[in-house]
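Notes follow the structure.
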2 protein chains.
Amino acid sequence: MAAAVIGPDRGRPGPVAHSHLGLEVDAVEAPLRKVGMRDVARLAGVSHQTVSRVLNDLPNVSASTRERVLDAVRVLNYRRNLAARTLVTSRSRTIGLIGFETTLAGPASMIYGIEKAAREAGYYVSIATVRSLERHAVLDAVEQLCAQAVEGIIAIAPKNSVADALTQVPVGTPAVGVGGADDGFVPMLRVDNVRGACMATSHLLDLGHETVHHVPGPADWPEARDRIDGWRQTLHAAAAPVPPIEAGDWSARSGYLRGQHLAADARVTAVFCGNDHIALGVLRAFHEAGRPVPARVSVVGFDDTPESGFFLPPLTTIHQDFAELGRRSVELLVAQLTGAAVANPGPVHLSPHLVVRASANAAP
Amino acid sequence: MAAAVIGPDRGRPGPVAHSHLGLEVDAVEAPLRKVGMRDVARLAGVSHQTVSRVLNDLPNVSASTRERVLDAVRVLNYRRNLAARTLVTSRSRTIGLIGFETTLAGPASMIYGIEKAAREAGYYVSIATVRSLERHAVLDAVEQLCAQAVEGIIAIAPKNSVADALTQVPVGTPAVGVGGADDGFVPMLRVDNVRGACMATSHLLDLGHETVHHVPGPADWPEARDRIDGWRQTLHAAAAPVPPIEAGDWSARSGYLRGQHLAADARVTAVFCGNDHIALGVLRAFHEAGRPVPARVSVVGFDDTPESGFFLPPLTTIHQDFAELGRRSVELLVAQLTGAAVANPGPVHLSPHLVVRASANAAP
DNA sequence: GGAGATAGCGTTAACGTTCACATCTACAGG
DNA sequence: CCTGTAGATGTGAACGTTAACGCTATCTCC
């Protein structure tokens with residue numbers, strides 16, 4: 001008796017079902033309609049409820065029946081229908097992910113970490129990228145995810161508007177923000193940007209620079225603001241002058257543009273950049289201006305992208321673990337989902353750390 | 001009469017429902033169980049089927065009824081239950097996405113493009129990242145997506161094993177591969193890597209270099225192989241010697257390592273790199289070896305990441321439009337989903353183009 | 001003025017699960 | 001021998017939609 005080949009289509013090798021009971025006989029007679037529990041039940045000679053019990057690993061099923069059911073499942077190549085399960089249990093086993101600027105190294109790594117952790121926790125993940133951070137756009141994404149009845153939402157939420165929109169998710173759908181502003185409504189998880197900026201600035205100050213210039217990211221990103229704060233605090237604490245800042249947009253291009261201005265100012269000897277891309281642009285600007293880094297000018301970045309170690313010169317920067325951030329955010333969400341809703345414990349801060357390479361030297 | 005505030009929870013501002021009919025009176029009496037069509041129907045004084053008709057934009061509903069229903073929907077803040085719809089229509093409105101190395105610029109951009117296009121086409125997207133490209137891992141991802149009853153699958157499928165695993169998806173679930181090998185089973189979409197490699201190599205040859213060295217990506221990536229092919233073909237056509245190659249792993253680190261070997265060889269004057277990251281490493285290696293680019297050595301990359309223009313020197317490279325690739329792949333999938341299954345038209349090739357910057361000069 | 005259309009609804013039955021029971025054995029204790 | 005208990009299984013009713021009809025009016029046309 002030949003192995004059952006279900007619906008051979010354009011030459012695809014069909015799944016080969018094998019059974020050690022004699023069940024495959026008339027198993028695959030009707031590929032007309034999809035196989036359901038009834039079919040499995042009939043083949044195994046039990047009720048659909050018993051099939052359900054087996055598939056859900058519930059007790060009170062004899063070993064022999066269990067085996068028989070599992071066997072029938074294999075023969076029929078049966079898979080549970082998520083929609084039906086969701087309908088009756090009102091659990092979609094899906095978490096929603098709101099992303100922004102997901103092509104950047106940071107967000108992309110977070111998505112990776114989130115997806116991995118979610119899967120391991122038994123959740124599917126549905127993604128909704130948002131093109132702008134305007135309120136309506138974010139609201140739209142929330143709407144999309146809610147329409148899918150996601151059980152929880154993780155928002156890579158760099159701007160306040162996102163955290164804000166998150167308060168609009170239906171009651172009972174927990175949400176977690178990662179890397180954004182803390183609005184007090186939604187648990188938030190992020191790297192301690194203030195601390196990171198302190199480390200970067202201190203490092204440069206310790207190297208003997210009189211003060212440190214800063215090329216921050218866009219003003220409406222909490223990350224950028226925190227880094228500015230950390231930078232400013234450190235300068236204040238050291239009684240160093242606080243130079244004016246001109247914000248970039250996280251891109252290398254913006255770093256290059258701001259860098260050209262800085263390079264024209266003979267007094268700048270140390271620059272702390274809002275991220276590594278900005279640093280790359282700044283590096284190029286100083287190079288073109290004939291002010292070699294790190295001989296005459298020192299530069300420190302933020303993020304530690306995999307490429308930073310191969311810039312010219314290799315970039316001293318602040319490392320943050322995006323994937324870990326993603327992992328932790330899932331942990332936080334799942335905790336809310338399963339255990340009693342955690343009392344909002346305030347923002348959780350992960351520690352970044354300084355990676356010393358070659359772009360920062362003692363003051364000339 | 002006060003605006004209805006549904007389930008005020010930990011201070012969240014509830015959605016404010018407003019109606020221009022007098023319907024909101026006893027609308028929100030029972031937030032006990034979720035609102036369904038029955039509730040909307042009752043409030044609007046119609047049958048649930050009429051509600052369904054309105055919500056699905058079906059004809060044969062009078063304007064006044066439609067308005068009344070819509071109004072009730074607003075008042076109750078009702079949303080259709082996807083699970084129930086999926087169950088009865090067997091359409092999940094979801095497409096599955098299999099990603100690999102999604103933190104890289106290319107895949108990340110593709111995901112972005114795919115998500116955007118899918119959303120615009122009215123599909124949700126569920127993502128399954130795969131940690132390795134071994135058969136079982138990919139099969140696992142396919143399984144995950146099928147369990148969600150996705151209507152189609154897009155695989156960012158750089159290796160053959162993925163295309164292979166794709167043949168295992170249940171009949172009736174169309175799949176599209178993007179950027180990978182063509183196995184003849186699944187429609188495949190990609191940038192014309194051979195052509196891109198030709199352009200890069202020709203550019204260097206035209207600059208007067210005797211031959212062009214190549215630092216390719218991993219041998220089991222079709223992209224890497226195609227670029228090798230293009231490079232080799234071009235050298236052959238020009239009757240130039242074909243130097244031996246030593247593959248990298250797409251990372252800047254690997255480029256640096258291979259670059260050190262090349263820099264030790266006085267004969268190499270032109271290097272075509274498998275991607276921009278490799279190029280970054282190669283750039284650094286030559287810099288450290290005291291062989292300035294582009295004065296003594298020329299380098300060309302592949303991908304044109306947003307940062308490449310700010311390398312030292314700015315990188316001449318091959319641009320490929322990842323987001324467009326993603327967009328087109330959705331287009332291809334949706335075509336299969338809606339229209340009659342397209343006869344597999346063979347792999348679709350998008351054209352890359354050369355971006356000339358400053359890393360390649362005339363031969364010394 | 002009766003025979004069709006047709007627009008505008010409503011009724012009933014799926015869809016494939018899980019949940020809350022009911023049932024039926026076997027076996028122990030009195 | 002009867003009762004109680006627990007394990008193993010089956011039965012029927014949800015879950016919230018859409019699909020397939022069915023039923024009224026109203027309108028049109030000869």
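Overview of values
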{"quantity": "Cα-based equivalent ellipsoid, the stretch A:41-127: semi-axes from gyration tensor eigenvalues, Å", "calculated": "37, 13, 11"}
{"quantity": "Whole-number percent relative contact order across chain A, with pairs defined as alpha carbons under 8 Å at least 6 apart", "calculated": "15"}
{"quantity": "Largest-first principal axis extents, alpha carbons of the stretch A:133-215, Å", "calculated": "56, 21, 18"}
{"quantity": "Overall Cα dimensions of the stretch A:94-141 - principal axes, largest extent first, Å", "calculated": "33, 23, 9"}
{"quantity": "Local net charge near B:SER92, Cβ-Cβ under 11 Å (Lys/Arg +1, Asp/Glu -1)", "calculated": "+2"}
{"quantity": "Cβ-based net charge around A:SER329, under 13 Å, with every Lys or Arg adding one and every Asp or Glu removing one", "calculated": "0"}
{"quantity": "The protein assembly as shown - mean residue ellipticity at 222 nm from DSSP helices (-39,500 (n - 2.57) per run, n ≥ 4, rounded to 500)", "calculated": "-12500 deg cm²/dmol"}
{"quantity": "Nearest-first distances (nm) between copies at A:ALA363, label 7 Å from Cα via Cβ", "calculated": "5.1"}
{"quantity": "Two-decimal Rg/Rh across the stretch A:175-239, once Rg and the Kirkwood Rh are taken from alpha-carbon atoms", "calculated": "1.07"}
{"quantity": "Student exercise, the protein assembly as shown dipole from Lys, Arg, Asp, Glu Cβ charges, in Debye to nearest 20", "calculated": "1380"}
{"quantity": "Directionally averaged projected area (convex hull, Cα atoms, the stretch A:115-176), nm²", "calculated": "4.1"}
{"quantity": "Residue of B:ALA83, B:ALA128, B:ALA240 that the Gaussian network model of chain B assigns the largest fluctuation, springs spanning Cα pairs under 10 Å", "calculated": "B:ALA83"}
{"quantity": "All-pairs alpha carbon distance profile, the protein assembly as shown, 20 Å steps from 0, percent", "calculated": "16, 42, 32, 10, 0"}
{"quantity": "Cα-based reach from B:LYS159 at 21 Å (exclusive), listing lysines while leaving out same-chain residues under 8 positions away", "calculated": "A:LYS116"}
{"quantity": "Tilt relative to chain B, helix B:105-120 - C-alpha long axis, 0 to 90 degrees, to 10", "calculated": "30"}
{"quantity": "The stretch A:238-364 - percent relative contact order, Cα under 8 Å, separation 6 or more", "calculated": "24"}
{"quantity": "Other-copy label distances relative to B:VAL171, 7 angstrom Cα-Cβ extension, nm", "calculated": "5.0"}
{"quantity": "Calculated log₁₀ intensity ratio I(q)/I(0) where the Debye formula runs over C-alpha points of the stretch B:94-251, q = 0.10, 0.17 Å⁻¹", "calculated": "-0.42, -0.94"}
{"quantity": "Part-to-part distance (alpha-carbon centres) for the stretch A:282-313 and the stretch A:127-152, which is given in Å", "calculated": "38"}
{"quantity": "Percent RCO, i.e. relative contact order, over the stretch A:183-268, from Cα pairs under 8 Å lying at least 6 residues apart", "calculated": "30"}
{"quantity": "DSSP beta bridges in the protein assembly as shown [antiparallel fraction, %, rounded to 5]", "calculated": "15"}
{"quantity": "Ascending list, in nanometres, of distances separating the A:ARG131 label from those of the other copies (7 Å, Cα toward Cβ)", "calculated": "3.6"}
{"quantity": "Percent antiparallel among DSSP beta bridges (both partners in chain A, rounded to 5)", "calculated": "10"}
{"quantity": "Residue exposure sequence - A:LEU43, A:LEU87 - by fewest surrounding Cβ within 10 Å", "calculated": "A:LEU87, A:LEU43"}
{"quantity": "Hydrodynamic radius (Kirkwood) for chain A, which is based on Cα pairs only, to one decimal in Å", "calculated": "23.8"}
{"quantity": "Loop-resident sites, the stretch A:243-342, for trypsin sites (Lys or Arg not before Pro), counting at most 10 other Cβ within 10 Å (DSSP)", "calculated": "A:ARG267"}
{"quantity": "Chain B: angle of helix B:222-237 to the longest principal axis, Cα-based, in degrees nearest 10", "calculated": "40"}
{"quantity": "Rg to Rh quotient for the stretch A:228-331, alpha carbon positions, Kirkwood Rh", "calculated": "1.01"}
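None of the figures in this text is laboratory data; all of them are computed from the coordinates on show. Keep in mind that what you see is a predicted model, and the values were worked out from it rather than measured. Note: ideal-geometry Cβ built from the backbone for every residue, glycine included; neighbour counts use all protein chains shown.
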